[in-house]
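Below: one structure, written as structure tokens.
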Amino acid sequence: MSKLLNLLQDGRFHSGQDLGQALGVSRSAVWKQLQLLEADLGLVVHKVRGRGYRLATPVSLLNPEPINAALALLGWDVSTYQILDSTNAQALRTVTQGVSRPLLVLAERQDAGRGRRGRPWVSPYAANLYYSLVLPVHGGIKRLDGLSLVAGMATVQCLRAHGVHSAMLKWPNDVLVQGQKIAGILLELVGDPTEQCHVVLGIGINANMRDTDAIDQQWTSIYLQTQQLVDRSALAISLSDALAQYLGRLDAVGFGALREEWEALHAWQGKAVNLVSGSRVIPGTVLGINDQGALRLHVDGKEETFSGGELSLRLRDDS
Ligand code: BTN
């Protein structure tokens, strides 16, 4: 089935005869495989008499060879899967088997993709990037101040390199294009945060997705921004290069030295916002962040700082 998908991924018409010849099977065997593609992967195949078959939407399949080669240069391992519940969940399971150097988990599809604050992350087959990097941490989580913010910076760098020039951050680590979400980051931790632990840095980038009604907020994708199908393998490689570079800088100089660079990428700098924490809503104005990556807000005439995974920012109507 993967050979058939490789032939069809360009979204062009292919005759049943050509496909059968390329696969060395009969036309009726091609037909059966096409049925499986639709049933198992959730892809839609257009069947047009006289023209043949094509995918309703072209896809970009992950190509493990160039990914493995590029990441070997960074000293990272890679595991690429067809379908997972969640690359973060798989990454966390892998940690129990012992991970001593960075390990990247990728998948073509997630059936239970996890977003922040318990929300689902829509993850159709071969459409977007589902990326989880396991990082072994020695000497306690304190060394990782600003890690999730730095992951956002790397994601913005990668998106801009792929033609999304107006990608910006929203604290703590949403990536937006003119208010529409294009990428999200979910950090999960396993082990003793004061000693030996592993962090899973989960990054989802909307790459080639064109439509879905399963997302309940404004969103966009690289394809919708550039009108170009993005090569997901190249995207995984450039995200890894950007992350490796930012993680190196974080390690060398600490987050404080990257703070201004982060603020320059912050879409909501100086904006009037509501900070939402469960049922609590705190109105304020964004001043920036501190050297640990906590949000600095001007609230009721004084400065307050906020941090924690359950917080989220909303723009106020008067912003
Ligand atoms: C958010 O809500 O903004 C965070 C979304 C994080 C999604 C990514 S996709 C790869 C990794 N695996 C998951 O299940 N979640 C993260």
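For the subset of the range 188-200 comprising residues that are part of a strand (DSSP E or B) and more than 9 Å from the ligand (Cβ to nearest atom), which member is nearest to the chain's Cα centre (by Cα)? The extreme case among them is 199. Residue 136 satisfies every condition listed in (1) at pLDDT 95 or above; (2) surrounded by fewer than 17 Cβ atoms within 10 Å (Cβ to Cβ); (3) in a strand (DSSP E or B) except (1). Does the range 112-127 hold any residues that are within 15 Å of the chain's Cα centre (by Cα) and more than 8 Å from the ligand (Cβ to nearest atom), and which are they? If the condition is that a residue be within 15 Å of the chain's Cα centre (by Cα) and more than 8 Å from the ligand (Cβ to nearest atom), then 120, 122, 124, 125, 126, 127 are the ones that fit.
Is it the case that some residue within the range 92-102 is touching a residue at least 24 places away in the same chain (Cβ under 8 Å), surrounded by fewer than 15 Cβ atoms within 10 Å (Cβ to Cβ) and in contact with a helix residue (DSSP H, G or I) (Cβ under 9 Å, 6 or more places away or on another chain)? The answer is no, given that none of the residues of the range 92-102 is touching a residue at least 24 places away in the same chain (Cβ under 8 Å), surrounded by fewer than 15 Cβ atoms within 10 Å (Cβ to Cβ) and in contact with a helix residue (DSSP H, G or I) (Cβ under 9 Å, 6 or more places away or on another chain). In the range 54-65, the condition of being touching a Lys or Arg at 6+ places or on another chain (Cβ under 9 Å), under 30 Å from residue 137 (Cα atoms) and open to solvent by 50 Å² or more (accessible area, probe 1.4 Å) is met by at least one residue. Across the range 147-156, a minimum of one residue is classified as touching a strand residue (DSSP E or B) at 6+ places or on another chain (Cβ under 6 Å), farther than 28 Å from residue 11 by Cα and at pLDDT below 95. Only helices (runs of 4 or more DSSP H) whose full extent lies in the range 215-305 are considered here, and the ones with at least 2 residues that are open to solvent by less than 10 Å² (accessible area, probe 1.4 Å) and not hydrophobic (A, V, I, L, M, F, W, C) are 232-253.
The values are calculated or read from the model by the stated rules, or taken from the named source; none is laboratory data. Note that this is a predicted model, so its numbers are computed, not measured. All Cβ positions, glycine included, derive from the backbone under ideal geometry; neighbour counts span all protein chains shown. Remember, those area values only see protein heavy atoms, side chains included, never the ligands or the DNA or RNA. Shrake-Rupley method; radii C 1.70, N 1.55, O 1.52, S 1.80 Å.
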